[in-house]
Amino acid sequence: MKQYLKHHEWHIIEDGLNPHYNKISESVFSLGNGRMGQRATFEEDYSGETHQGSYVAGVYYPDKTRVGWWKNGYPEYFAKVLNAPSWIEIKIKIGDQTLDLAKCKVEKFRRVLDMQQGLLHRAFTATLPDGKKISVDSKRFCSMADGEIGAIRYEITPLNFSAPITLTLPVDADVVNKDSNYDEKFWEEVSKEATPGLAIVNAQTKKTLFQVCTGIQYDIQRNGKSITGNVTTNLREKYADNVVVTDLQEGTPLVIFKYAAILSSENHPKDQMVKHCKAKLKEAVAAGFDKLFADHAKVWAHKWEECDVTIEGDVAAQQGIRFNIFQLTQTYTGEDERLNIGPKGFTGEKYGGSTYWDTEAYCLPFFLSTAEPKVARNLLVYRYKHLGKAIENAQKLGFKDGAAFYPFVTMNGEECHNEWEITFEEIHRTSAMAYAMRDYIDYTGDKDYLTEFGLEVLIGIARFWNQRATWSEDKGKYVVLGVTGPNEYENNVNNNWYTNYLGAWTLRFAREAVDYVKTSNPKRYAELVTKTKFEEKAETDRWKHISDNMYYPYDAKRKVILQQDGFLDKELIRVKDLKPEDRPLNQKWSWDRILRSCFIKQADVLQGIFLFEDDFDLDTIRRNFDFYEPMTVHESSLSPCVHVILASKLGYKEQAYEFYLRTSRLDLDDYNNDTEEGCHITSMAGTWMSVVKGFGGMRVRDGKLHFTPFIPDQWKSYSFRLEFRDRVIKVKISSDKTETILEHGEPLEVMMNGKPVLLKK
Ligand code: BGC
C-alpha cells in the first residue's frame, strides 16, 4: 500500500516527483474519452521508469498463443489491446541540453488530475545540468465532446537565461507492446507526411488490418502572438515530425498548443483516413484550446450531474468514489455498441483490453443506473452480435445444435484466453450474459429486449447447459463436472455450487423468455423458431428436467452451501491465521499448494448469493457469509465489493466499511501492488455498487426501487443519483434522516425500509 497521493474531493494530486512511483501515477492519472486514451506519461523526454501507452478502443492484435503444452481447443491467439501511435510528445532541447526530468534538479513538481473537468495538469521547475532553470505548466485532455480529438497546452518559461530552444513535435507509430508474446511490432506504415505545421502517420495493424491515422498540428505563441520559428520536417519509418527552433527569452513564457486527431478505420473508410484526419485537425485548430476544453468540460459537467456520488465528512472516501466514477466514465461512454469495457480501460495493457464477464456481472449496474437505458442496452447488444461466434466457440469444444458458449476473454466474440482452467472450465461466464438481461429488464422494464435480441441468445446458452450438465445415476441428479467457479483458486472441481445454480437458473429463465415472446409476439417467435431450429417441446422439457433436478452440494451439519464436492475434506483455516509473509498467496505459494488449500480468491458461493439474494433467507446468507468470508483472501479486485453488499445487508457495518475502503482506493493507494500495470476498472464499478447497493441497500423488485440505507460512522452524509424509468432520483442519507428527491419525471412510489413512499416534485 502506498499513500503518496494527496486527498482532495475533486482532484488527484501528486506533490513532488516520485520517480519510483511514476508508473503508478501514469496509470492513475490516465485520460480517456471512450474512443481513445493514454497513460499519464510526460510530454517531454523521460529516461526514468515509465511505460508509454496510448490506446484506441476496439483496435487489437491477435498475438499468436504461446503455451508450453498445447491442448486441443486452445484459441490460436490472445487478443492484445495495442499500444497505439503516440501524439503527446513535445521534446525539448535548450541549447544542447535535453529536458529530461530524470536528469534535472526538479522542484515544485505537481501533477493533478482534475476529475471534475477531465484535465491532466502538471507543473514543475527544473534546473538543467548546465544550470539553466525553467518552469513548465502543461495541461492536456482527450475530448469527451469529440472522441477523436486530444489537445495539449504546454507553457515553458526560462527563469534565469535566454537561449535557443528546439521543440520536436512528433507522431510516432513505431511503438511496441510490453505485452507481446514474440516481441513483434504490431504496426505497419500505410502513409506519412510532414509539412511545416503538420505531421501525420497512418498506420495499420498486422493481421487485423485496423488503420489508425494520427495527425498533429500546433501553434506556438509568445506574448499571446503566434510565432513560426525555424521549422524543419522529418520522416522516418512510421514516424513524422516538425522540429521548430525559436528563442526562449528570460521571464517570457513560450506556449505550445499541440492538437491531435486520432481516427480509426472502424469509423472512417480506409481511403479517406488522411483526408478526414486533416479536416478534423483543421476544425480543432480553428476552435482553439480554450473552446475545445470548454466543450469537453461541459460534457464532464453533464456526466457528473448524472452519476456523481457525494460523501461528506471523509475526503479520502469522496476522492475514492469520484476517481472510480471518473475512470469508468472515460472508459465507456456507451455510444458505440461495438465497444466494451476492458478491465484496464485506457490505463494499461494487462488483460489485453478485452471483454470479460466483468462487464455483465459488475459494470452493467453502474451504467444502468447512471445513464440512459440505451447505454446498458448497447452492452447487451454487443453480446447479441457475438452470438454466432459463441456458437462457434462451443462447436470447437464439441458442443452442437446451436449451443452457445460465450468466451471468457474476447475482442470480437472469439475466445482468446488460453489457460485450460479458464478457457474450458470457467463456464459460469456464459450465463453472465443471461443474468445481465434479467438485470436490465428488472431495472428498465424493457421486456421486449427478449423479443428483439434476448431470446435468441438464451436459446443458445440454454442449449449449452443442456449438453454440459450430465445425469448422475449415483445421485439421481444432474451434475456439472470439471469446472472452475469464480474462485480461480480451485480448478477442475465437480459441482461448483455457483455454476450449478446459475446453470439451472438460466434454463428456467430461458423457458420464461420462450413463454413471453411466444405470447407477446407470435410472429417474431415463429421467426426465431425457424432461425434457431428450435424444437420447443422437446428442448424446454429437457431444460425443465435439468433445472428441477440439479444437484447442489450442501453440508447439513453446518447448514451451509458447499462451494463444490469435497470442499469439507480440506483443512479449514482462516485467513487471519496465515502468516503475513504468506500473502498474497498468488505470489508466495506454489499453484499446487493454493489449489489444495481452502483459500478463496474471490466471492464464489457468496457471488451466487449476491446475484440471487432473494432466493435465500437472512439466516442462510449469514451462515454462508460467516463460513466463507474468513477463508477468502480477496486476491481478485472483484471480491471486496460483493462482500460490502452482503455485509451491509447483514448489518456488519464495520466490516462493510473496511471492504469498501479496499475497493474504493484500490488503485489510489496501490493496495495490490499492481497499479503500475493499469487501474482496475471492473472493481471501480464494484465500488459504485458498494455505495448504492451496499450502504444504500438499493434493489429493484417487481419494477419498484427499494432502499434500506445505513451510513458508515465515518461519514456525515452521502448521496447518489439514479436514472430509473424516465425519472431522476436523488437519495441523500445522513445519520438522522434519508431524503429521496424526485428531480425529474412523473411521481413514483419507492420502498424505503419496507414502507411505500410516494415521490413527487
Ligand atoms: C478474476 C476474474 C476476472 C479477471 C479480469 C481475475 O483475477 O479472477 O474473475 O474476470 O480477473 O478482471
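The values are calculated or read from the model by the stated rules, or taken from the named source; none is laboratory data. Being a predicted model, the structure only gives us computed values, none of them experimental. When we count neighbours, we look across all protein chains shown, and the Cβ atoms used for this are built from the backbone with ideal geometry, even at glycine.
Whenever a residue of segment 587-610 is in the same structural domain as Asn487 (by TED's automatic domain parsing), its partners that are within 15 Å of the ligand (Cβ to nearest atom) and among the acidic types (Asp, Glu), lying with C-beta atoms within less than 7 angstrom and at least six residues away or across chains, give the pairs Leu595/Glu490; Lys601/Glu488; Lys601/Glu635.
The selection criterion, being away from the ligand (no atom under 16 Å from the Cβ), modelled with pLDDT of 95 or more and within 21 Å of Pro553 (Cβ to Cβ), does not hold for Asp577.
When Val112, Val81 are checked against the criterion of being over 21 Å from Tyr21 (Cα atoms), in contact with an Asp or Glu (Cβ under 8 Å, 6 or more places away or on another chain) and surrounded by 15 or more Cβ atoms within 10 Å (Cβ to Cβ), a single residue qualifies: Val81.
Within segment 62-82, the set of residues being in contact (Cβ under 8 Å) with a residue 40 or more places away in the chain, out of contact with any His (no Cβ under 8 Å at 6 or more places or on another chain) and more than 19 Å from Ile341 (Cβ to Cβ) comprises Pro62, Asp63, Lys64, Thr65, Arg66, Val67, Lys71, Gly73, Tyr74, Tyr77. Among the residues of segment 308-327, the ones that are closer than 16 Å to Arg665 by Cα and part of a loop (DSSP other than H, G, I, E, B) come to 1 in all.
Put simply, of Val700, Val692 the only residue that is of a type outside the set (S, T, N, Q), modelled with pLDDT of 95 or more and surrounded by fewer than 24 Cβ atoms within 10 Å (Cβ to Cβ) is Val700.
Mind telling me which of the residues Asp726, Asp667, Asp674 ends up being of a type outside the set (Ser, Thr, Tyr), modelled with pLDDT under 95 and farther than 21 Å from Gln607 by Cα? The unique qualifying residue is Asp674.
So, in segment 368-417, exactly how many residues are touching a residue at least 60 places away in the same chain (Cβ under 8 Å) and not in a loop (DSSP other than H, G, I, E, B)? So the answer is 16. Filtering segment 676-686 to residues that are over 13 Å from Gly342 (Cα atoms) and either near the ligand (Cβ under 10 Å from one of its atoms) or buried (at least 24 other Cβ atoms within 10 Å of the Cβ) (or both) leaves only Gly686.
Any chance segment 27-38 includes a residue that's of a type outside the set (Phe, Trp, Tyr), part of a helix (DSSP H, G or I) and more than 20 Å from Thr168 (Cβ to Cβ)? The answer is yes, given that some residue of segment 27-38 is of a type outside the set (Phe, Trp, Tyr), part of a helix (DSSP H, G or I) and more than 20 Å from Thr168 (Cβ to Cβ).
Applying the set (1) touching a helix residue (DSSP H, G or I) at 6+ places or on another chain (Cβ under 6 Å); (2) away from the ligand (no atom under 13 Å from the Cβ) to Asn673 leaves exactly one unmet item: (1). Each residue in segment 328-361 was checked for being more than 11 Å from the ligand (Cβ to nearest atom), assigned to a loop (DSSP other than H, G, I, E, B) and more than 9 Å from the chain's Cα centre (by Cα), and 10 pass. Every listed requirement among (1) of a type outside the set (D, E, K, R); (2) in contact with a helix residue (DSSP H, G or I) (Cβ under 8 Å, 6 or more places away or on another chain); (3) closer than 14 Å to Ile156 by Cα is met by Leu263 save one, (3). Restricting segment 611-648 to residues that are within 16 Å of the ligand (Cβ to nearest atom) and without any contact (Cβ under 8 Å) to a residue 40 or more places away in the chain leaves a set whose member that is surrounded by the fewest Cβ atoms within 10 Å (Cβ to Cβ) is His634. Restricting attention to segment 649-670, report how many residues are part of a helix (DSSP H, G or I) and away from the ligand (no atom under 16 Å from the Cβ). Residues that pass the stated criteria total 12.
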